[in-house]
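Heads up, the thing below is written out as structure tokens.
The values are calculated or read from the model by the stated rules, or taken from the named source; none is laboratory data. These numbers were taken from a predicted model, which means no experiment stands behind them. Counting neighbours? That spans all protein chains shown, and the Cβs are built from the backbone with ideal geometry, glycine included.
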Amino acid sequence: MRTVAIRDLKNNPSNMTKYLANNESVFITKHSKPIGITIPLNDDTLSIGIKNLVAIEQYKKGAISLGKMAEFLEISKQEAMSLVNRLGIDWLDYDQKEIDNQISVAKRYAKR
């Protein structure tokens with residue numbers, strides 16, 4: 001999520017529109033303290049709703065877990081996985097090394 005100071009918004013509003021056009025939410029700050037938020041309006045935003053969008057944005061930023069997002073949205077973790085999949089958001093945050101390690105562990109247990 002981007003941050004734009006209110007004085008910068010007054011002097012150069014094109015920064016805000018640039019971020020919104022790139023489908024990015026923006027915190028508006030005054031004296032370095034958040035005073036508001038802008039959210040781009042697109043089909044996802046309108047169909048999901050603002051509450052859901054805020055939870056999803058927090059999940060995308062890594063501020064909350066998938067489970068916490070599901071709890072906030074009052075849906076199951078499986079429904080949350082389905083939601084983020086539909087939106088093209090990765091819910092498995094493993095690098096290749098972690099994936100290889102998990103496969104190795106699974107193979108060891110499969111041999112037992």
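What the table below lists for this structure:
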{"quantity": "Residue list for region 65-112, restricted to those being in contact (Cβ under 8 Å) with a residue 12 or more places away in the chain and part of a helix (DSSP H, G or I)", "calculated": "LEU66, GLY67, MET69, PHE72, LEU73, ALA80, MET81, LEU83, VAL84"}
{"quantity": "Residue list for region 1-26, restricted to those being aliphatic (A, V, I, L, M) and closer than 22 Å to ASP44 by Cα", "calculated": "MET1, MET16, LEU20, ALA21, VAL26"}
{"quantity": "Lone qualifier among ALA80, ALA63, ALA55, ALA70 - being in contact with a helix residue (DSSP H, G or I) (Cβ under 7 Å, 6 or more places away or on another chain), among the small types (Gly, Ala, Ser) and closer than 30 Å to LEU9 by Cβ", "calculated": "ALA55"}
{"quantity": "Matching residues, region 21-43, being crowded, with 16+ Cβ neighbours inside 10 Å and touching a residue at least 24 places away in the same chain (Cβ under 8 Å)", "calculated": "SER25, VAL26, ILE28, THR29"}
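Let's see how each residue does on (1) among the hydrophobic types (A, V, I, L, M, F, W, C); (2) at pLDDT 85 or above; (3) under 14 Å from the mean Cα position of the chain (by Cα):
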position: MET1; (1), (2), (3): yes, no, yes
position: ALA5; (1), (2), (3): yes, yes, no
position: LYS10; (1), (2), (3): no, yes, no
position: SER14; (1), (2), (3): no, yes, no
position: TYR19; (1), (2), (3): no, yes, no
position: GLY36; (1), (2), (3): no, yes, no
position: LYS51; (1), (2), (3): no, no, yes
